[in-house]
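Read the figures in this text as sums done on the coordinates, not as results from a lab. Here the structure is a predicted model, which means the values were calculated and not measured. Cβ: placed from backbone, ideal geometry, glycine included. Neighbour counts: every protein chain shown.
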Amino acid sequence: MSSTPKTIQIFLPSGEPHGIRIAEITTRIVQVIEVPRSLLADFLAMEQSSQVGVYVLVGEDTGDDDRRVYVGQSGDLRARLAQHHQKKDFWQRALVLISRTNSLTQTHALFLEWHALQQLRQVGRFRDENGTSGSRPHTPAPLEADCMEIFETGSTLFSTLGFPLFDPLATAAEAENPAELFFCRSPGAGVDGRGLYTPEGFVVLAGSVGRLENVPSIQGTNDGRSDGGVRSRNHHLPARSSLPQPQQRSFSVVGAHCQWLAGMEEHPRAHPQPGEAGISALP
């Protein structure tokens, strides 16, 4: 979305900051409603639940790269979300995108569902439970233009509520021209990690190579590693008070304590793809 100033309003229907939250950009018609699963019945009693809309079911934040989501759409959100409550166990929150003017059609919803799933997979922050993404739905050009504007607004509102589903881990400008790169290298172990700071925290860049096993001194820990080894999916350290420095991410790359050092790269290589971040396991 364009980086212009915006005024975003968040309404708390119950007055509780951890309850249902309704976010909107005050000059637009799109709303995103965050619904804790424990308060689903309250949302189903709201008039917004009878509209056409697009939704994302979000699983628990376990602190790793396996946070699961499910993207869907429905002409009757009330019935569809009630069905998911009965049949899907993984999710803890529903993010529901609707129109304040009740003007979304099934054509809008089908395209938005398809496009959201493509973007979600391209960014790679979350693991979707959708299976196949289906084919691109036929959408007249004027409606597609509307959908893209709705999606951009919705993406901003998702991020404002704390769910950056469609935001790259590093923007094109950050990836191509970082203010400062950090390096974590252990030639004897074949480790070569590169990372940078973003407004969210520290990101390990794609193309970094980590060791598969932990060193004996940290065996049994679970600090960002899975099954004793580095995962080949995207790997991102969110900004959080308990992990303020890139040193904590060294566990994921080296499998041991080490320092990330700032400085120029010794051997220039191609820049990472804009927005791409991750690490690869040694064979």
Work out how much length Ser50 to Thr4 would gain on full extension: take 0.36 nm times their residue separation and subtract the Cα-Cα distance, in nm to one decimal.
13.3 nm
So if R0 is 30 Å, what FRET efficiency would Arg68 and Thr27 give, r being the distance between their Cβ atoms, rounded to the nearest 0.05?
0.35
Listing Phe111, Phe166 from the residue with the fewest other Cβ atoms within 10 Å to the one with the most, what is the order?
Phe166, Phe111
Mind checking the full-extension length gain between Glu149 and Glu60? Use 0.36 nm per residue of separation minus the Cα-Cα distance, one decimal, nm.
29.1 nm
Distance between the range 71-148 and the range 1-51 - C-alpha centres, whole angstrom:
16
Nearest-0.05 FRET efficiency for Phe11 and Asp42 at R0 = 22 Å, using Cβ-Cβ distance, is 0.95
Taking neighbour Cβ counts within 10 Å as the exposure measure, how do Glu180, Glu113 sort from fewest upward?
Glu180, Glu113
Apply 1/(1 + (r/R0)^6) to the Cβ-Cβ distance of His138 and His85, taking R0 = 30 Å, and write down the FRET efficiency to the nearest 0.05.
0.40
